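Nothing in this text is a laboratory measurement; each read-out follows from the coordinates by a stated rule. These figures come from a predicted structure and were not determined experimentally. Note: ideal-geometry Cβ built from the backbone for every residue, glycine included; neighbour counts use all protein chains shown.
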Amino acid sequence: MKRLKVAVVTDALYPWHKGGKEVRYLRLLSRLPEHEMDVVVYSMKWWDRTPDVVESPGGSLRYVALCPCVPLYRGNRRSVWQALLFAASTLRLLTRKFDVIEADHFPYLQLLPLRFVAWVRRVPLVVTWHEVWGKEGWETYLGKVGFAPAMLERFCARLPDAIVAVSVGTAEKLSSMGVKSDRLRVVPNSLDYDQLTLVEPDPSAPELLFIGRLLEHKHADLAVEATWILSTRGYDVRLGIVGVGPEEDRLRAQTRQRGLDTRVRFLSSIESQAELWSLLCGARVLLAPSVREGYGLVVAESLALGTPVVCVLHPENESSVFVGPTTGSITAPFDAVALADAAEFWLNDDSQRSERVSAFMSEHGEADQNAIAKSYAEIFQKLTNGSDSQE
């Protein structure tokens, strides 16, 4: 079996930028070399050191800067300038040697030059698709002009030789946009069960947690409002908000307005996965009111740790599929009272954490971490050799 050179293109990298997408790549890319894959990651220059090329600890990966690091957001919206700059910079791959391109789908514009690069270099283009916004999602985000990025999203879905969807729901949405089934493969995120079973709860963890980028559709404001509602009901609870983003100033103002300065802590970024898991394990309830999740990794991890989750039922939220009647609650979207009511139930619940872990595992025993790398390796080998890889 030929050892492949894989060019991975993404504008955001862990640990400089933390989210489900970045964690997925972190776990995947470190394991691809075990499947006869040499990986070079092309991104913006997130690191402070002078060289444009750096190696990961252990030297299994190389990170190459295609352009200077530009903030992903301008105000509370994704930066068009950043997307344009990064897209243009991907043309530098025309001078590089590789056998396959693997790219993150967002923010879409880079898929246009990457399709050109793939044609010129005569290599397949594989794109990992984390979530589908569609016309309604884009118009909610941008108003009437949302039709333009919705058309771009639909067009870009036709460009790859193969699309890897992170969930069945995301794959179904892509199919409804016209993506043919023979170009579509579902490879869900995996959970690090070996490490999760070793997690010890943080004794200083707040009772309530919100974890995610501070974006409008994540609705951290509802978590703050639910905390205020619970405090008016006599509950001595604290809320920890883990994440950064353009909504932070508005959330801090909301906290002050509600008189929750001593009850709400903004924890920004957590440096390590172990620290984040310990915080999750020590909390009583994870509040997850986001209406748009392509997978919902933090929801799955919380449930695997036995911490109940309150999330919302929305057609764009795939994380709700993880929540069962004995592990969490699903409420109506945009409803702080419903969020508070569900959180109150779990604050008073007397079931054991181990019981909730067992209930989650019986329904959602995800593949081990190496399985996701094997799935990608099979896709890459099939596209480059015209046959399945032999493991």
**Complete:** When E153, E139 are arranged by how many other beta-carbons sit within 10 Å of their Cβ, fewest first, they go E139, E153
**Fill in**
Placing each pseudo-label 7 Å from Cα in the direction of the beta carbon, V186 and A332 end up separated by a distance in nanometres of 3.0 nm
**Asked** Given H placed on each backbone N at 1.01 Å, which residues far from T331 in sequence or on other chains put an amide H within less than 5 Å of it?
**Response** C311, V312, L313
**Prompt:** Just for the chain, what percent of DSSP beta bridges are antiparallel, to the closest 5?
**Reply:** 10 percent
**Prompt:** Taking other Cβ within 10 Å of each residue's Cβ, how do K2, K382, K18 sort, fewest first?
**Reply:** K2, K382, K18
**Request:** Run through every distinct alpha carbon pair of the stretch 219-306 and return the Kirkwood hydrodynamic radius in angstroms, one decimal place.
**Result:** 13.9 Å
**Prompt:** Arranged by the count of other C-beta atoms within 10 angstrom, fewest first, what order do C69, C311 take?
**Reply:** C69, C311
**Request:** Report relative contact order for the chain in percent, whole number only (criteria: Cα-Cα under 8 Å, sequence separation at least 6).
**Result:** 14 percent
**Integer Hz, Karplus 6.51/-1.76/1.60 couplings in order for the stretch 194-207, x for Gly and Pro** = 4, 7, 4, 5, 9, 5, 9, x, 6, x, 9, 5, x, 5
**Request:** Find the relative contact order for the stretch 193-363 and round it to a whole percent, using C-alpha pairs within less than 8 Å whose residues are 6+ positions apart.
**Result:** 24 percent
**Request:** Using only C-alpha atoms and all pairs of different ones, pull out the Kirkwood radius for the chain in Å with one decimal.
**Result:** 21.8 Å
**Request:** Provide Rg and Dmax in Å for the stretch 108-171, with only Cα atoms included in the calculation.
**Result:** 13.0, 39
**Complete:** Which of K21/K173; K144/K173; K5/K45; K97/K374; K5/K173 exceed 25 Å between C-alpha atoms? The answer is K5/K173
**Computed [θ] at 222 nm, helices only, for the chain once each DSSP H run of length n ≥ 4 contributes -39500 (n - 2.57)** = -11000 deg cm²/dmol
**Prompt:** Based on the inverse mean of 1/r over its pairs of different Cα atoms, what is the Kirkwood hydrodynamic radius of the stretch 57-168, in Å?
**Reply:** 15.3 Å
**Prompt:** At what distance in angstrom do the alpha carbon centres of the stretch 64-85 and the stretch 331-353 lie from each other?
**Reply:** 37 Å
**Asked** Percent of alpha carbon pairs in the stretch 193-363 separated by more than 21 Å?
**Response** 41 percent
